[in-house]
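Each remark here refers to the structure printed beneath this line.
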There are 2 protein chains.
Amino acid sequence: MQYLNFDKTSIYKKLPEHARKTFSFKNSLDAKRVENCIVPMAAGLKYSWAAKAVDDECVKLLQELADETELTAKYKALLNGEMMNTGEKRKVLHHLLRGEQGQPVIENGKNIGDFYRKELSRFCDFAKAVHDNKYKGTTGKPFSTVIQIGIGGSDLGPRALYLALDNWAETGGKKKLSAKFISNVDPDDASQIISSSPLDQCLFILVSKSGTTQETLANELFVKDKLAKAGLDPSKHMIAVTSETSPLARNSAYLDSFYIDDYIGGRYSSSSAVGGCVLSLAFGPDVFREFLAGAAEADKLALEKDIKKNAALLDALIGVWERNFLKLPYTAVLPYSQALSRFPAHLQQMDMESNGKRVSRDGEPINYETGPVIFGEPGTNGQHSFYQLLHQGTSVIPLQFIGFTESQRGDDVTVDNSISQKKLAANLAAQIVAFAKGQESGDRNKEFPGGRPSSLIYGKRLTPSVLGNLLAHYENKVMFQGFVWNVNSFDQEGVQLGKILTKKVLSGNYGDSALEAYSKLLGVI
Amino acid sequence: MQYLNFDKTSIYKKLPEHARKTFSFKNSLDAKRVENCIVPMAAGLKYSWAAKAVDDECVKLLQELADETELTAKYKALLNGEMMNTGEKRKVLHHLLRGEQGQPVIENGKNIGDFYRKELSRFCDFAKAVHDNKYKGTTGKPFSTVIQIGIGGSDLGPRALYLALDNWAETGGKKKLSAKFISNVDPDDASQIISSSPLDQCLFILVSKSGTTQETLANELFVKDKLAKAGLDPSKHMIAVTSETSPLARNSAYLDSFYIDDYIGGRYSSSSAVGGCVLSLAFGPDVFREFLAGAAEADKLALEKDIKKNAALLDALIGVWERNFLKLPYTAVLPYSQALSRFPAHLQQMDMESNGKRVSRDGEPINYETGPVIFGEPGTNGQHSFYQLLHQGTSVIPLQFIGFTESQRGDDVTVDNSISQKKLAANLAAQIVAFAKGQESGDRNKEFPGGRPSSLIYGKRLTPSVLGNLLAHYENKVMFQGFVWNVNSFDQEGVQLGKILTKKVLSGNYGDSALEAYSKLLGVI
């Protein structure tokens, strides 16, 4: 297998020529094209790319790109436990949390899949024991609320997934506990959550792989202090999710601890105990297992070499096409589902932290653009906000729509002969066509240029398995793009410098007059 | 006064030459530069631009730009009631909601400032009457919760401001009612809010200027249906905020109605009854008036011609410098304050809907870039998410930091010799310097290029007047940028096409085979 910088491949030289031909999907978007440009995904979802600036010739070239850069072979190598996090010299095994698509991964005689499955069983059993009232708080009351303390991947993914399933669980009789999240080192965050929660009925999950995350440790002590002041025993109200080598492991300060290892990156940890504890406690272990099964199905489909049968791969390649050859530096994620309100924020981390890189996996400089800026809000809210710029601004922003036929709660109202869910879906269909085709007008202010590309992932209803599939789709998309760009998508050296300088500020050894001056402005000194 | 397209000004030709000289703030950022590059704002805030790629020569050129394009004169004309929303042929009077900076605006013998002040008094009196239990729900219980039904500007601004002051009000003894918001036409949004609220103690605010917003009317009927089914009289639980000519005005279906007019754009309506009713009900009318006073102070400072004394103007011009001459198409807004968690989402609408335009205020095409993409999340959360790309990605993203010396709740914990609030501020100082100066390293993967520009707005504590100032700062910044680009920042024709096509879908008269095909995929048909 070869790991070449993208500009050293032969396909890299071919694509600019094709980009100059400018295929007009604006003029060719009709029912036939819509029907022809659909890729089935797992869990009943489908990926539609009809409104992308991609013609048959482009599909051929993208297939050539996938083949030349050996994308599915690299994915297999990752599954088989090859050291794909080259910077930190680690394997990348988040797929193994939800299924065994490759060979068993054995290290020093230890089967890592077995370890992950054992932890899965352990936290599922723990959740069940909590639901069965086998664990209770200091005052003997059952737990009613679970509060996750964590930041970054220990917050964004689990929070987005919790919100995505909350309505589904509540109306389907699956809701067990309410969940809340404390993440920011801003003390107002923890203070507000704590002051509005029934402390004697709260179970906290402390999440830090290293056990050294500044924000999380500060918030842990904040919470323990409040528990103690309320006359409660912190060790009866807290579990830990960490690595086996961290100071939090096997510590009597916690009811129990559940483990991940260095092969699970923070932004890919939603399928581990990081997401699993809070989701199992909130909705029951079976719901979390359904979610994992949906993700595993998507992981399996992502092995397919034919890009017209592999939605994650095709989505990745179209993204590269737009980023490097159509020169579009951003992507908006627009779910027409209030339940997915924080899913774009999770994708923002997943994508930008993975592929926001400027050196190759071998630490060599690269001479092409990598990861785009990701942003988004749910529709129809976004329509009344930033869509003006998307339609009529001077920049073209590639769009990723997500939509469902049915609502989660099934509680609706008929106004003007249609239910709200139909209006929601009608708005989504209308936007895709409006962006693609635009509108001519004698009044230039009412003119829409069109030609603004979008894709659509759609399905019947947002369920746990659908959500698992959605998550894995994006994880695999980002992975494939990282392979194309030849970057290491699994480290995050870019977060280190800020940590070093923060320590300097807090220790008073600035070593830089500007750093000291800013610290004065902000009242640190 | 002249309204020229930007590329027709003489300064437009001078700036590219200066951009080629590439001033290195990376190397010149020291304590002296930090101290020299501060502009005092209203309400005790300050604007620091030391870490921007702007040297003395650039400041001179930007002053020349401000002078040649008559930015403050255009602002005065707007204040004096000139028809600045050229597309819709309307005045633009949101400043008048919070103070009288220009001449009185009289139309058909009516003093519009008097009208705004009368409505302000009316809704302040209404809020007081609710707090005094002069209004009660159907069952005679006092109101405990206010729920705003609105979308776009009727949602994002009021929601961001409510969250920004909630902790301040709660710990300062000012909190009167809890507030919630229903916006999306997705029925899961309204259903979840309603199912988790004590309906007999809920007061709803229906907000739609036109009285015809599809999402809002659907949600109104959703709510009324739930009230009726709970045996409650909807007319005792709902007020309206609308225009005097809308179907919602003077309607016995509401307890009372409060009015705005066509001169208050949705995204600029937070200072009107749109934001004022919910904020006055939640925190008391005095808090809302403090907020208005802070905004008025900022509006007054924005009249200053010297860009080194006018933070909104300087911020605007630096943004233009980055967008058109340094060719940077995005801006991240990064408040180090959990209370401002949704402030970036509000700015996203304010900025992108105002200046995401491709024709001039006279409807002529323009040949330069206008509004950038705006996105952001609070720090330190963002540090553990997308900052990797900001530090080490291949694109440079201009940054706008906001930070405070004190927390809102004053509830903190000491860990490793510092309270969390100090850690928060230390992180912010560290990030500014890390972005500006970067770090060399023998390992390229640990190398930070630096030279990534940021500004900082900072102050002591986030209070109502500080928040009013922050809001007005950004409103005025966006206004000045619109003047430079010679666009109409006050209409939003880009939202119309989607509405037209949605109606076609819902009526079944598609008129386009792709539109019909997408409607099928999404289950509308």
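Any read-out appearing in this document is the output of simple, stated calculations on the displayed coordinates, not a laboratory observation. All figures in this text were calculated on a predicted structure; none of them were measured in a lab. Note: ideal-geometry Cβ built from the backbone for every residue, glycine included; neighbour counts use all protein chains shown.
Computed from point charges on the beta carbon alone (+1 for Lys and Arg, -1 for Asp and Glu), the dipole magnitude for chain A about its Cα centre is near 380 Debye. With an 8 Å Cα cut-off and a minimum separation of 6 or more residues, compute the relative contact order for chain A in percent. Taking the mean separation of contacting Cα pairs over the length of chain A, I get 20 percent.
Under the convention that each Lys and Arg Cβ holds +1 and each Asp and Glu Cβ holds -1, the size of the dipole of region B:1-83 around its Cα centre is about 240 debye. Comparing Cα centroids, region B:256-273 and region B:286-310 end up 19 angstrom apart. Selection among B:Thr414, B:Gly451, B:Ser385 by position relative to the dipole of region B:370-495 gives B:Thr414 as farthest towards the positive end (Cβ unit charges, Cα centre). Which of the three applies to chain B, rounded, prolate or oblate, going by the alpha-carbon gyration tensor with a ≥ b ≥ c and a/c under 1.5 meaning rounded? The shape class here is prolate. Centre-to-centre, using Cα atoms only, region A:178-214 and region A:333-389 are separated by 26 Å.
Could you state the number of Å between the C-alpha centres of region A:457-510 and region A:136-164? Measuring centre to centre over Cα atoms gives 21 Å. What is region B:244-318 by shape, rounded, prolate or oblate, if you read a ≥ b ≥ c off the alpha carbon gyration tensor as root eigenvalues and call it rounded for a/c under 1.5, prolate for a/b larger than b/c, and oblate otherwise? Here region B:244-318 falls in the prolate category. In the assembly of identical copies, B:Gly231 has its label point, taken 7 Å from Cα in the direction of the beta carbon, separated from the corresponding points by 3.9 nm (ascending, one decimal). Computed over region B:235-393, relative contact order equals 15 percent, with contacts defined as Cα pairs under 8 Å that lie 6+ residues apart. Across region A:184-236, the relative contact order, built from alpha-carbon pairs under 8 Å that are at least six residues apart, equals 41 percent. Taking each residue as 0.36 nm, the span from B:Glu244 to B:Ser195 lengthens on full extension beyond its C-alpha to C-alpha distance by 14.4 nm. Cross-link pairs exceeding 21 Å between alpha carbons, from the set B:Lys309/B:Lys423; A:Lys357/B:Lys446; A:Lys26/A:Lys309: B:Lys309/B:Lys423; A:Lys26/A:Lys309. In nanometres and ascending order, the distances from the A:Asn133 label point to those of the other copies are 3.7 (point 7 Å from Cα along Cα→Cβ). Placing pseudo-labels 7 Å out from each Cα toward the beta carbon at B:Glu304 and A:Glu100 gives an inter-label distance of 7.0 nm. Closest approach of a chain B Cβ to the axis relating B and A (residue, whole Å): B:Phe375, 2. Shown is the FRET efficiency for A:Leu4 and A:Glu64, computed with R0 = 22 Å from the Cβ-Cβ distance and rounded to the nearest 0.05: 0.95. Here the spin labels are modelled as points 7 Å beyond Cα on the Cα-Cβ line, and at A:Ser144 and B:Glu440 they lie 6.1 nm apart. Shielding by partners for peptide B:349-355, expressed as the average number of C-beta atoms from other protein chains within 10 Å of each residue's C-beta, is 5. Which FRET efficiency value, to the nearest 0.05, is calculated for A:Met83 and B:Asn36 with the Förster distance at 51 angstrom and r the Cβ-Cβ distance? According to the calculation, E is roughly 0.55.
What you get for the protein assembly as shown, charging only the Cβ of Lys and Arg (+1) and of Asp and Glu (-1), is a dipole of about 600 debye around the Cα centre.
Is the C-alpha gyration tensor of region B:369-490 telling us rounded, prolate or oblate? Criteria: a/c under 1.5 is rounded; beyond that, a/b larger than b/c is prolate, otherwise oblate. Since a/c reaches 1.5 but b/c is at least a/b, the shape of region B:369-490 is classed as oblate. Work out the charge dipole of chain B with +1 on the Cβ of Lys and Arg and -1 on the Cβ of Asp and Glu about the Cα centre, then indicate which of B:Trp168, B:Gly363, B:Gly482 is farthest towards its positive end. In chain B, that residue is B:Trp168.
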